[in-house]
Amino acid sequence: MRGVVTTIRKMLISILVLALTFAGATYVAFMGAMTPYFPASEQPEPVLLFTIGVHIEPFNGEGRTRADYNQVEFFNRHVEDLRILANIVEKYGGKLTVQAQTPFTLIAIRSDQTLFSELEAQGHEIALHFHEDAHLGANSESLSVQAWADAMSQ
Ligand SMILES: [Zn+2]
């Protein structure tokens with residue numbers, strides 16, 4: 001029993017470390033388990049429930065790193081990293097929530113990249129990820145609702 005929990009814990013840590021080392025992408029992991037009360041003599045096999053949400057950050061050549069998805073190798077590296085992460089999670093019956101935004105999404109469309117349709121076909125969720133500073137500038141709070149809506153619809 002304890003060995004199973006340790007193995008699951010190691011697997012979870014491995015997945016999280018992979019997500020953390022995801023160059024250019026950050027992760028958000030929400031872990032939780034519903035643990036109803038059972039007397040010690042009736043303890044069922046433990047079930048670990050968790051989800052992994054992966055942010056695709058808005059790298060556009062600005063900022064401290066100057067990282068830019070317009071650089072083909074950089075973009076392709078992130079595409080392959082997402083495929084690798086999805087494959088690992090799938091091995092354990094899991095699903096990702098991949099939170100995407102421009103410029104990654106625009107470059108994916110322009111380059112006929114099939115990553116998102118592949119992930120969706122495998123049951124992963126594709127969601128919007130939005131950084132107001134990257135898409136609206138430093139004074140985003142002063143912009144209209146329409147400006148926000150326009151930026152989010154890119
Ligand atoms: Zn983010």
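Values in this text are rule-based calculations from the coordinates and carry no lab data. In this text, all values refer to a predicted model and were calculated from it rather than measured experimentally. Glycine also receives a Cβ, built like all others from the backbone with ideal geometry; neighbour counts cover every protein chain displayed.
Structural remarks
- Scope region 99-154; condition part of a helix (DSSP H, G or I), among the hydroxyl-bearing types (Ser, Thr, Tyr) and more than 21 Å from Ile52 (Cα to Cα); matching residues: Ser140, Ser142
- Selection of region 52-67 for residues being away from the ligand (no atom under 16 Å from the Cβ) and either under 13 Å from the mean Cα position of the chain (by Cα) or of a type in the set (D, E, K, R) (or both) yields only Arg66.
- Matching residues in region 91-104 - criterion: being over 15 Å from the mean Cα position of the chain (by Cα) and surrounded by 13 or more Cβ atoms within 10 Å (Cβ to Cβ): Pro103
- Put simply, of Leu49, Leu82, Leu136 the only residue that is closer than 22 Å to Ala149 by Cβ and either within 15 Å of the ligand (Cβ to nearest atom) or surrounded by fewer than 15 Cβ atoms within 10 Å (Cβ to Cβ) (or both) is Leu136.
- Annotation note: of Ile126, Ile88, Ile107, the sole residue that is within 16 Å of the ligand (Cβ to nearest atom) and surrounded by 15 or more Cβ atoms within 10 Å (Cβ to Cβ) is Ile126.
- Matching option when the condition is hydroxyl-bearing (Ser, Thr, Tyr) and in contact with a Gly (Cβ under 7 Å, 6 or more places away or on another chain), among Thr97, Thr102, Thr65, Thr114: Thr97
- Complete set of residues in region 34-82 that are among the charged types (D, E, K, R) and part of a loop (DSSP other than H, G, I, E, B): Glu45, Glu57, Glu62, Arg64, Arg66
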